[in-house]
Amino acid sequence: EEEPKTARTHGAIALRHLATAADAGNEDAIFWAAQAHILRAELTLAAGLFARLHDAEDPRQRTQALLSRAHLLSALGDPRAAGRLLTELGGNEDPEIAQEAKLLHATILLQQDQPTQAAALLANPQEDGNRKRQVHSRFLQAQILARTEKSQAMQAFRAIVDDPGPAPHLLRHSAQVSLAGCMQETGEPE
């Protein structure tokens, strides 16, 4: 839902509908109740419900709940707990889940000013047909370069900005801002 008020209303309706099944331990109901809490911007409650799915029977649901919980813990300011979950997910059999976990973990490590650890996570990129994850990986690698090699980082950021292919708006915008920051730090007149 795009409208916050509508999202909150739909989240409340969903929670009422799912309450009995979620309380009884139905894993699908728990998962969707967590999603409903996200709609209502109740991130702590959503993280708690995702935690209940740590040992879910469905492995796909278990990994999706772990990844969602890691996202929420990071947003809630608990990067250490998020990092532990993401380390667990980084070795997942599903390459998409593993790559998503590595990207989020590298993002958290960069926010904690740990570029060496972030670079180690991104060191062996796997073939990934998902354009969004490809651009995200390129952006994180450029962020790592920006700490020591401004000119190389500027090239990497510019490649993202000028890439004619589809890219998430936020990543392209962040690359523009980062490029401008590198240019300012190096005294580029542009």
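The values are calculated or read from the model by the stated rules, or taken from the named source; none is laboratory data. These numbers were taken from a predicted model, which means no experiment stands behind them. Here the Cβ positions follow ideal geometry from the backbone for every residue, glycine too, while neighbour counts run over all protein chains shown. Ligands, DNA and RNA are excluded from the accessible area calculation, which covers all protein heavy atoms including side chains. Shrake-Rupley method; radii C 1.70, N 1.55, O 1.52, S 1.80 Å.
Assorted remarks:
- Condition met for Leu103 (open to solvent by less than 10 Å² (accessible area, probe 1.4 Å) and at negative phi): yes
- Every test in (1) under 14 Å from the mean Cα position of the chain (by Cα); (2) at pLDDT below 90; (3) open to solvent by 50 Å² or more (accessible area, probe 1.4 Å) is passed by Leu76 save one, and that test is (2).
- Within segment 125-155, restricting attention to residues that are more than 15 Å from Ala106 (Cβ to Cβ), among the small types (Gly, Ala, Ser) and in a helix (DSSP H, G or I), the residue that is modelled with the highest pLDDT is Ala153.
- Being open to solvent by less than 50 Å² (accessible area, probe 1.4 Å) and under 23 Å from Ala70 (Cα atoms) is a property that His54 lacks.
- Residue that is farthest from Thr44 (Cα to Cα), among those in segment 80-100 that are open to solvent by 20 Å² or more (accessible area, probe 1.4 Å) and under 12 Å from the mean Cα position of the chain (by Cα): Gln99
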